[in-house]
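What follows is a single structure, written as structure tokens, with notes after it.
Each reported figure results from applying straightforward, stated rules to the coordinates on display, with no laboratory input. These figures come from a predicted structure and were not determined experimentally. All Cβ positions, glycine included, derive from the backbone under ideal geometry; neighbour counts span all protein chains shown.
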Amino acid sequence: MSGRGGVSRGCAAVVWVVLAGVVGAAAWVYLSLRPEPQPDVAKAARSAAARAADQEVTAESDRGLDRLRAALPWATYLGTTVADVCGTEPVNHGFALTRRTWTEVACSRTTTVYEAFDGDFQQRLGQLDAALAAAGWRPSDPPYYLGEQGGLVGALAYAHNPGDGAGPSEAAAAAARPNVALVRYTVPVGSGSVTPAGSGTAVLPGGAVQVAQAPYLPTLDDGTAAHDRVLKSPSSTTSYYVDWQQYDRARLSAAYPAHAAVLALSLRVGYRTGPARP
């Protein structure tokens, strides 16, 4: 009897050890896969560090755009949009059983100036290219897109290029394409508040310029698309808008027929934030 009792007690001990191991493993899995709390985006955006950085970036962006506008005396000011936003997003680890984590909060201010102008369209593009080059804006689009001429002049030529071996009908179709040119740039923004390169969440300084001749308008996204997505799903948003100024597209289209063309000059600069973790 005592032998059988010892065996029973031994089996029970093994069972308890196995159960303890299962419970411990389950607890480890739960703790390992438990979603990481989402960073407090509003807290990061309202921190003293973020506010100071935003003020520096705003001043530097405005100065740079004002200098460019002063170099274009033939252009008529229409309006300005601002999308100053901080946000985070879930990290895609590529595995099913992976704890959900979030990127650090990143902030950026996008300022877009709209102007109208008249005169020879291609000549104005050349003048705009010269002004951008003098301001240190360097095209970041691939060389094939900009061609030998480079800049907006090259982008316009590419838009009307029918391609190698094109016949008369293809050449005619290419020539009839809209007079619209878009070029993206790297820009010399050196403020100490700009997010440093090499940071995984850094928003590097960048610019974009799009020029369109009547009846077409620039389609450059000035931050409106992202803002509209937030409006459609506010309960799941991971964005916080520090500043939002919109320019009515109807007012933009009203530049015609008084003027022959419209340009959009956009500058986006990221800046540092304060702590955001709960």
Over the Cα atoms of the range 38-271, what radius of gyration and what Dmax do you get, in Å?
19.8, 63
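Length gain on complete extension for the stretch R69 to Y145, per 0.36 nm per residue less the alpha carbon to alpha carbon distance?
Between R69 and Y145, full extension yields an extra 24.8 nm.
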D228 versus Q123: modelled label distance in nm, points set 7 Å from Cα along the beta carbon direction:
3.7
Read phi for every residue in the range 175-186 and hand back ³J(HN,Hα) as whole Hz from Karplus 6.51 cos²θ - 1.76 cosθ + 1.60, θ = phi - 60°, with x for Gly and Pro.
5, 8, 5, x, 7, 9, 10, 10, 9, 9, 9, 8
If I model a spin label at T103 and T238 as a point 7 Å from the Cα along the Cα→Cβ vector, what separation in nanometres do I get?
0.8
Can you tally the net charge around V85? Count Lys and Arg as +1, Asp and Glu as -1, for every other residue whose Cβ sits under 9 Å from the Cβ of V85.
-1
